[in-house]
Amino acid sequence: MRQLNFIVIFIVVLALVLFALENTHTASIQVIPSLKVEAPIAVELILAMGLGAVLAWLFSVWSSLQKSIGMRNKNVQIQNLQETVQNMSIEIEERKRLVSASAIDVEIDKN
């Protein structure tokens, strides 16, 4: 898997280098009304792609964080439900004992 990742990254970087060598013409980008940037087309596109990659990574980290928080909440909820089931089973056993004890008392009273 590591080798496949390396090959993919190598091909992407090689394509970027070839792209940059072919696109050296300057272009201007107006970022905000008072800020105008002039740079080669390749540099501008590579920066835009890098910004997109960083934003995708941040979104991935945010999604992972939300999933881990959700799993933590689910684990707490599972523990609470297990405690509830345990308490209910204890209560059922106590009620069974009371019913059997009252049945014995009723049988004794009949005799």
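What follows is calculated from the coordinates using simple rules that are stated; it is not laboratory data. Note that the structure is predicted; figures quoted are calculated from it, not measured. Because the Cβ atoms are built from the backbone with ideal geometry, glycine has one as well, and the counts that use them run over all protein chains shown.
Given R0 = 25 Å, the distance between the Cβ atoms of A56 and V76 translates into a calculated FRET efficiency of 0.20.
Taking each DSSP H run with n ≥ 4 as -39500 (n - 2.57) and averaging over every residue of the chain yields -30500 deg cm²/dmol at 222 nm. Amide hydrogen proximity for A27: with H placed 1.01 Å from N in the peptide plane, the residues at 5 or more positions away or on another chain lying under 5 Å are A39, I41.
What percent do you get for the relative contact order of the chain when only Cα pairs under 8 Å and 6+ apart count?
Values: 32 pairs, mean separation 14.4, N = 111.
Taking the mean separation of contacting Cα pairs over the length of the chain, I get 13 percent.
Taking the C-alpha atoms only, the angle from helix 41-110 to the longest principal axis of the chain is near 0 degrees.
With coordinates expressed along the principal axes, the C-alpha atoms belonging to the chain extend over 110, 43, 12 Å, beginning with the largest. Computed from point charges on the beta carbon alone (+1 for Lys and Arg, -1 for Asp and Glu), the dipole magnitude for the chain about its Cα centre is near 240 Debye.
Within the stretch 1-43, the proportion of C-alpha pairs whose separation exceeds 12 Å stands at 67%. Could you tell me how many degrees, from 0 to 90 and to the nearest 10, lie between the Cα long axis of helix 2-22 and the main elongation axis, the longest principal axis, of the Cα atoms of the chain? It works out to around 30 degrees.
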